[in-house]
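Below you'll find the structure, written out as structure tokens, and then a few comments.
Derivation of every value follows stated rules applied to the coordinates shown; laboratory data play no part. All of these numbers come straight from a predicted model, not from anything done at the bench. Glycine also receives a Cβ, built like all others from the backbone with ideal geometry; neighbour counts cover every protein chain displayed.
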Amino acid sequence: MMTKAFTVARWEYVEKIKSKTFLITLFLMPIIMIGFGLLSGLLASQPDTGSKVIGIIDLSGAIGQPLAKYLEEHYRLPDGGPNYVLRPLEISEGVEMNQLKRQSDSLTANGEIEGYLIVGKSILTDTSVEYRSQNIGNLRVTERMSRAIRDLVIEQKLISQGLNPKLTKDLTRPIDLKTIKLSKSGKEEEAGFEKVFFTSYIFMMMMFFLVMTSGQLLVRSMLEEKSNRVVEVLMSSCSSTDLMAGKIIGLSGLGFTQIGFWAAIGIAISLNYAITMISIGSALLLLVYFVLGYLLYAAIFVAAGSPVSTEQEAQQITSYLTIVLILPIVLVIPILQDPNSLMVKVMTFIPLLTPTMMAMRIPIQMPSELEIILSIAILFFSMVGAVWIAGKIFRTAILVYGKRPTLPELFRILRTP
């Protein structure tokens with residue numbers, strides 16, 4: 001029986017791996033993933049190309065001039081010019097604050113200034129400063145203005161207390177905190193947030209892209225064979241179980257070929273630049289979750305895709321299933337902060353979320369052995385159950401044309417021996 005299944009698997013694998021789409025995806029996807037990661041960092045680190053005019057309404061009269069000097073000393077353009085030019089927005093006699101705000105808002109809207117600061121009279125006691133701009137998403141400007149005003153306020157407070165600001169600045173210099181990850185055996189490993197997050201991110205994105213591409217191939221392959229009646233010829237030569245098993249094995253092999261190729265690129269980069277993203281033991285454990293998780297999703301795609309008869313239905317099915325993979329990405333920050341919280345542990349034992357949840361937890365803090373064993377067991381039996389359900393649905397629905405089975409009909413299919 002398995003001989004026919006492997007024959008189908010070989011045919012599916014060879015036909016798809018020779019396609020131009022697969023070859024383009026094989027080489028283009030890692031370039032896109034690496035490019036996106038590098039591009040965002042490169043763009044964020046690019047210096048400004050011109051001076052930005054920042055207005056200031058200094059009600060205290062103590063911040064304006066020191067701030068202009070601070071910005072000129074600390075922030076310069078590559079050509080040596082000032083990165084920021086501070087423009088005082090003085091309150092004229094007879095002009096109310098609300099009117100001055102409207103005038104300043106007009107300057108901002110017209111593009112004459114990037115934005116403006118409102119410094120209160122009691123800045124030394126009330127450290128609240130308002131920044132008004134059309135683009136409050138420019139974190140570089142807001143962070144630098146906040147830091148500059150904070151340093152100036154601290155300096156003036158120190159002077160008022162008769163202390164030497166330079167000495168105090170030296171004493172309060174920030175500490176370079178080096179993070180060391182400890183395993184349960186006490187093994188040390190230097191790891192920062194970026195390294196941990198990037199390891200989890202790579203696994204999740206690989207799982208996401210593999211499920212999307214292979215899942216769509218699986219559903220569309222069945223749809224194409226149903227539409228041109230090739231499936232009837234195949235079913236005359238092998239059983240529905242052989243056909244379904246062959247499709248899952250063949251397209252899984254295709255997906256694992258992609259992952260193997262991408263992993264080889266990652267290993268080559270790691271060896272070349274002496275970067276250790278994750279230990280061998282953790283990598284092998286993640287591989288187990290990856291394989292079981294992929295087979296679970298493949299079985300679900302077979303069960304959901306075998307009854308469909310149109311391209312639109314196939315697209316809906318693949319989009320709904322891939323949404324589940326996005327959920328852990330949305331919750332990445334809470335998971336990184338507390339990987340052992342009750343919410344995270346509960347989500348870990350939901351089979352559809354188990355692979356991606358463990359992908360985030362293992363690089364941060366290795367779960368207990370009991371959690372690992374239970375989660376793998378649940379994932380394995382869920383995969384086996386999904387394959388069994390997929391086989392029952394596939395056997396009946398693959399030859400149904402023009403009508404998608406209703407839920408009661410699917411339940412009857414599952415109850416039949």
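A few remarks follow.
- FRET efficiency, 1/(1 + (r/R0)^6) with R0 41 Å, evaluated for Gln337 and Trp388 via beta carbons: 0.60
- On the beta carbon distance between Gln315 and Leu28, with R0 = 25 Å, the FRET formula returns roughly 0.70.
- Projecting the Cα atoms of Ile300, Pro334, Leu353 onto the charge dipole of region 295-396, computed from C-beta unit charges around the Cα centre, puts Ile300 farthest toward the positive end.
- Residue-span extension gain [Asn138 to Lys157] - 0.36 nm each, minus C-alpha spacing: 3.9 nm
- Phi angles of region 210-220 translate, via the Karplus equation with coefficients 6.51, -1.76, 1.60 and θ = phi - 60°, into HN-Hα couplings of 5, 5, 5, 6, 5, x, 5, 4, 5, 5, 5 Hz per residue; Gly and Pro are given as x.
- Cα-based Lys proximity count in region 51-171, under 24 Å, for pairs eight or more positions apart or on separate chains: 10
- If you take the alpha carbon atoms of region 51-171 and fit the smallest convex hull around them, that volume is 120 Å³ per residue.
- A Förster radius of 60 Å, combined with the Cβ-Cβ distance separating Ser106 from Glu371, puts the computed FRET efficiency at roughly 0.50.
- For region 51-171, size of Cβ-based charge dipole, Lys and Arg +1, Asp and Glu -1, in debye: 280
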